[in-house]
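> Below you'll find the structure I mean.
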Ligand SMILES: [Zn+2]
């Protein structure tokens with residue numbers, strides 16, 4: 001488990017580009033997320049970061065766990 005290090009935040013607030021993870025074959029969207037935001041999405045296997053207006057492919061039920069004007073973090077129901 002990674003320890004939180006609130007003092008070392010310099011530079012982490014700069015959003016970095018990453019690909020939308022909606023899974024659509026023709027999706028070329030790029031979302032901008034800070035380190036913290038990516039951390040919240042990447043540490044949970046069922047969570048995907050997608051562009052606003054996109055929806056996860058695959059047919060499984062999903063819900064929005066975080067929403068900003070830059071991206072959505074959605075959680076896929078794995079049951
Ligand atoms: Zn997409």
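The values are calculated or read from the model by the stated rules, or taken from the named source; none is laboratory data. From a predicted model like this one, the values you see are computed outputs, not experimental measurements. When we count neighbours, we look across all protein chains shown, and the Cβ atoms used for this are built from the backbone with ideal geometry, even at glycine.
> If you scan segment 38-52, which residues turn out to be more than 8 Å from the ligand (Cβ to nearest atom), in a loop (DSSP other than H, G, I, E, B) and at pLDDT 95 or above? Reasoning before the result, please.
So the first thing to find is which residues in segment 38-52 are more than 8 Å from the ligand (Cβ to nearest atom), and the list is 38-49, 52.
Those left that are additionally in a loop (DSSP other than H, G, I, E, B): 43-46, 52.
The one that is more than 8 Å from the ligand (Cβ to nearest atom), in a loop (DSSP other than H, G, I, E, B) and at pLDDT 95 or above: 52.
> For segment 18-37, which positions are touching a strand residue (DSSP E or B) at 6+ places or on another chain (Cβ under 7 Å), touching a residue at least 24 places away in the same chain (Cβ under 8 Å) and more than 8 Å from the ligand (Cβ to nearest atom)? Give the derivation first.
Within segment 18-37, the subset touching a strand residue (DSSP E or B) at 6+ places or on another chain (Cβ under 7 Å) is 18-22, 30-33.
Next, only the ones that are touching a residue at least 24 places away in the same chain (Cβ under 8 Å) stay: 18, 20-22, 31-33.
The answer is 18, 31, 32, 33.
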